[in-house]
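Notes follow the structure.
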Amino acid sequence: MVQSLNRNLLAEDKAVIAPFCCKPDVSFVEGKGSYLFDADGKKYLDFVSGIAVNALGHQHPAVVKAMQDQIGKFVHLSNLYPNYPQIDFAKKLLSVTHFGKVFFCNSGTEANEGAIKLARKYFDRKGDERTQIVAFNGSFHGRTLASLAATGQPALWHGFGELPRGFLHVDWNDVEGLKKVVNAKTCAIMLESLAGEGGVMRLSPEMAETVNALHKEFGCLVIVDEIQAGMGRLGTFLGEERTGLKADLVTLAKAIGAGLPLGAILMTQEIADNLKPGDHGTTFGGNPVACAAGLVVTNVVSDPKFLAEVQTRSEELQAGLKSLIQKYSFLGEIRGDGLLLGVTTTKPVSDLVVLARKEGLLIHRAGTNVIRLLPPLNVTSAEIVEALEKLDRTFSKVPA
């Protein structure tokens, strides 16, 4: 039963939390499955999922049990000692992918920061002074300095002084532009399997083929950022499977920890063989409780039957969105894949997010003109129908 909360959380938040996010006046007190409940007992269908973090919704019984069981044993050991929750989770991740080793960290930006370091260290160990990373305009790889330098959004760079050097950017899906800048001095091509923050942009087959061809021709590495699109969200365990990319390094976070801070770098055995103790490290990375929860999530979302259901729910959601696009002239095209979907609009996305929340539906934005939908991966058909009905009511209230 949802309990009331006699506090003004927004006012308290503004008094003590640094103002980096614009937050609405809503006080959530409980989550269950695909729903959140506020202090007044209002029910919201959660199609944000903690920004693609809550892959199995709120309070999934097996995830909760895994966390509780591990808390009763030990919460932290550090990486000075073998850690069986890490080992068991690593074995599972490697068994469902083609990689040779795993490094656990705490977040997506740390995973990307680490992948950049490992790519450069790999060539340094081989006596090859490659440091140049080619990334893409509109991409988002994180907020720490190297991952921010890789991020192709100049507006996010301003005010932080000189960022780490050695990063070039080309337009998303610009095959010829990529060919012009990748050469024998390129350390790595870094890209998302689906660019979520930049506008829910799919990777074209031609671009995937070009990345793979340049990888083969020049011997550069390919870093695939799967932080939002991985862990089953596109209907395959990793987005690289969906796109055909051949990655040397894959970064994971968000859904991997079932809501706890966790990130990971998957790497080929060849890269791992060129690393030594002290090349990289972390105190908290691979927290045992987070790894125990991550193992449960991975066991669920890597199941082929589960992934097939993700694709089915995606098709149902896209069919409903197509009907809404025909009904409302301010809606444009559907973007994305799996259960990372977007719809372009000529109306201010922030206004639509507010209207949808009033209807009891949580949605998000991407880029400047895209409504982003990120339901839990175990969302039901009935919940898809409910979301579409709430979107219809939302759009019907948009001023002409």
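Comparison of L295, L355 shows that the only residue that is open to solvent by 30 Å² or more (accessible area, probe 1.4 Å), assigned to a helix (DSSP H, G or I), on the phi < 0 side of the Ramachandran plot and in contact with a Phe, Trp or Tyr (Cβ under 6 Å, 6 or more places away or on another chain) is L295. Residue-level check: of (1) under 21 Å from the mean Cα position of the chain (by Cα); (2) closer than 30 Å to N8 by Cβ; (3) crowded, with 18+ Cβ neighbours inside 10 Å; (4) of a type in the set (F, W, Y), F89 misses just (2). Would you check which residues across region 19-47 are open to solvent by 30 Å² or more (accessible area, probe 1.4 Å), part of a loop (DSSP other than H, G, I, E, B) and closer than 26 Å to G294 by Cα and list them? Passing the criteria: none in range. R365 fulfils the conditions (1) open to solvent by 30 Å² or more (accessible area, probe 1.4 Å); (2) touching a residue at least 12 places away in the same chain (Cβ under 8 Å); (3) more than 21 Å from G50 (Cβ to Cβ) except for a single criterion, (3).
Taken over region 71-112, the criterion of being of a type in the set (A, V, I, L, M) and part of a loop (DSSP other than H, G, I, E, B) is satisfied by V75, L77, L80, V96. Scanning region 264-292 for residues that are surrounded by fewer than 22 Cβ atoms within 10 Å (Cβ to Cβ) and under 20 Å from the mean Cα position of the chain (by Cα) yields a total of 0. Considering only residues of region 298-313 that are among the hydroxyl-bearing types (S, T, Y) and within 20 Å of the chain's Cα centre (by Cα), which is surrounded by the fewest Cβ atoms within 10 Å (Cβ to Cβ)? Filtering first and then ranking leaves S302.
Restricting attention to region 175-187, and to residues there that are touching a residue at least 12 places away in the same chain (Cβ under 8 Å) and either of a type in the set (D, E, K, R) or more than 18 Å from A208 (Cβ to Cβ) (or both), which single residue is surrounded by the most Cβ atoms within 10 Å (Cβ to Cβ)? In this case the residue turns out to be C187.
Taking region 191-237 as the range and being more than 23 Å from V300 (Cα to Cα), of a type in the set (A, V, I, L, M), open to solvent by less than 20 Å² (accessible area, probe 1.4 Å) and within 15 Å of the chain's Cα centre (by Cα) as the test, the residues that pass are L191, A195, V200, I223. Residue pairs whose Cβ atoms lie under 9 Å apart, sitting 6 or more positions apart in sequence or on different chains, and linking a residue in region 210-232 that is on the phi > 0 side of the Ramachandran plot and in contact (Cβ under 8 Å) with a residue 40 or more places away in the chain to a partner that is in a helix (DSSP H, G or I) and open to solvent by 10 Å² or more (accessible area, probe 1.4 Å), are M231/K254; G232/V300; G232/F306; G232/L307. Being without any contact (Cβ under 8 Å) to a residue 60 or more places away in the chain and either outside any helix (DSSP H, G or I) or out of contact with any Gly (no Cβ under 6 Å at 6 or more places or on another chain) (or both) narrows it down to one of G286, G278, so name that one. Residue meeting the stated conditions: G278.
Across region 7-43, the number of residues qualifying as under 30 Å from P61 (Cβ atoms) and not acidic (D, E) comes to 19.
Looking only at region 119-170, residues that are in a loop (DSSP other than H, G, I, E, B) and within 21 Å of the chain's Cα centre (by Cα) come to 10 in all.
Against the list (1) part of a helix (DSSP H, G or I); (2) buried (at least 17 other Cβ atoms within 10 Å of the Cβ), the condition L10 fails is (2). Only residues that are open to solvent by less than 10 Å² (accessible area, probe 1.4 Å) and within 30 Å of D303 (Cβ to Cβ) were counted across region 371-396, and they come to 11. Across region 94-101, a minimum of one residue is classified as surrounded by fewer than 19 Cβ atoms within 10 Å (Cβ to Cβ), aliphatic (A, V, I, L, M), out of contact with any strand residue (DSSP E or B) (no Cβ under 9 Å at 6 or more places or on another chain) and more than 16 Å from G285 (Cβ to Cβ). Taking the conditions (1) under 26 Å from L234 (Cα atoms); (2) open to solvent by 20 Å² or more (accessible area, probe 1.4 Å) in turn, L145 satisfies each one other than (1). Across region 333-351, the qualifying residues are those that are without any contact (Cβ under 8 Å) to a residue 24 or more places away in the chain and either hydrophobic (A, V, I, L, M, F, W, C) or in a strand (DSSP E or B) (or both), and the one among them that is least open to solvent (accessible area, probe 1.4 Å) is V349. If I filter region 374-384 for residues that are hydrophobic (A, V, I, L, M, F, W, C), in contact (Cβ under 8 Å) with a residue 24 or more places away in the chain and touching a strand residue (DSSP E or B) at 6+ places or on another chain (Cβ under 8 Å), do I get at least one hit? The answer is yes; a qualifying residue exists.
Kindly indicate which of L45, L56 is touching a Gly at 6+ places or on another chain (Cβ under 8 Å) and under 15 Å from L374 (Cβ atoms). Exactly one of L45, L56 is touching a Gly at 6+ places or on another chain (Cβ under 8 Å) and under 15 Å from L374 (Cβ atoms), namely L45.
The values are calculated or read from the model by the stated rules, or taken from the named source; none is laboratory data. Keep in mind that what you see is a predicted model, and the values were worked out from it rather than measured. Cβ coordinates were reconstructed from backbone atoms using ideal geometry, including for glycine residues, and neighbour counts include every protein chain displayed. Surface accessibility is based on the protein's heavy atoms, side chains included, excluding ligands, DNA and RNA. Shrake-Rupley method; radii C 1.70, N 1.55, O 1.52, S 1.80 Å.
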